[in-house]
Amino acid sequence: MPENGKISIRQFTILVMIVTIGDSILILPNVSTSFAKQDTWISGIIALLVGLIAVYIFSVLGNLYPKLTFILSIQKILGKWFGTLMAALFLIFPLITVVEYTRELGDFITTEMMAETPILAIQILFICIVIFAVRLGLEVIARTGEIFLPCIILLFLLMVVFLIPQAEFEKLLPILENGIKPVIHGSFSFIAFPFLELVVFLMIIPYINQPKLIRKGFLQGALLGGIVLIILVAMCVLVLGADETARTIYPSYSLARRINIGQFLERVEAMVALLWMLTIFMKCTFYYYVFNLGLAQLLKLKGYRMLTLPAGLLVIVLSPIISPNITYYNKLLAEYWPYFVATCCLLFPLLLLGVYFIKNRFKRSTET
């Protein structure tokens, strides 16, 4: 096996929570609010409930072959040839996701912080750090999550506490002004970004040392991450208002600019930038690890580390092709990405479950 490390259920839960938060902490308020307006917090609650059902489905799929990664499970369920083809197609998802996150990070830093720095330089530096982390293995990635978690929670709580005096609850009114349809539309993006993308955790099921607690840890991590995102989206509407949140590219970053405690503590948007960079680094690193591990298993290699550098070059090359500019990226994210995620991360796992149960039922009927 290309990976020999083991992680605890606590580390697994922390990884799920951080990956759920991921890049959503910066981009989700804008995408969801553009559809649901002031009712975006309702979209978040709906998304959390549906997301937990999706995570439960993922855990059921993971329990079918708990000693196999998702790539190997696909081959087991669909057969050698067709399973290999479908596994290869699935690996496009984590690869494109890493490309998108790399582009997202470059756009954010060049737009908000370092306008004169070439985006390519930022992307190369970021992917080099990701490659270094992935080469250290799953155990190190999980321990890094444990180290980052207190910092992530502290930064988030400080931001919320400092913004409470500026919250105006009348900005949540009127509730369901335009009916339930926009709320459902807004919840679709909310479901796709943080929750459906968690299907990649099926790649590390064999490396968790307490397999009986996987479902519990999976659900707990998704629940905690979802609560953080709902609170964040609600704070954006309460402080900025629905219209400004929908117009702003990075609402949570603008939110931090509003912090002003006694004309002493202000301009602390770097706090949100650090919070987002920690979560997106962990999410990008995990997805990059999943892609390299899955590709190594698909090619029957003894290790995945030899793939990390060429895969990194591929990410840099694909970044301007998949997303040439920030306007194109935002349109892609809002209108097309949720459908792509739903296809790869929900319909495909449901197809696998259906094939598995049909095969088992047919096998039992032939035996009797």
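Read-outs throughout are calculated quantities, based only on the coordinates presented, and are distinct from any laboratory measurement. Since the structure is predicted, the reported quantities are computational estimates derived from the model, not experimental observations. Using ideal geometry, Cβ is built from the backbone for each residue, glycine included, and neighbour counts are taken over all protein chains shown.
Quick notes on this one:
- Relative to the dominant Cα principal axis of the chain, helix 119-135 is inclined by about 40°.
- Per-peptide average of other Cβ atoms within 10 Å, ordering 32-40, 235-243 highest first: 32-40, 235-243
- Filter on K6/K363; K283/K331; K67/K331; K6/K359; K6/K216; K80/K302 - keep pairs with C-alpha separation over 29 Å: K6/K363; K67/K331; K6/K359
- C-alpha long axis of helix 305-322 to longest principal axis of the chain, angle in °: 50
- For peptides 293-306, 190-203, 168-181, sequence by mean Cβ density within 10 Å, most packed first: 190-203, 293-306, 168-181
- Rounded to 10°, Cα long-axis angle of helix 92-112 versus longest principal axis of the chain: 20
- The mean sequence separation of alpha-carbon pairs under 8 Å and at least six residues apart, normalised by the residue count of the chain, gives a relative contact order of 40 percent.
- Annotation: the chain has a Kirkwood hydrodynamic radius of 21.1 angstrom, from the mean reciprocal C-alpha pair distance.
- Aspartates and glutamates whose Cα lies under 18 Å from that of K171, excluding same-chain neighbours fewer than 8 positions away: D39, D243, E244
- Taking the charge dipole of the chain about its Cα centre, with +1 at Lys and Arg Cβ atoms and -1 at Asp and Glu Cβ atoms, the residue from S323, I191, Q75 reaching farthest to the positive side is Q75.
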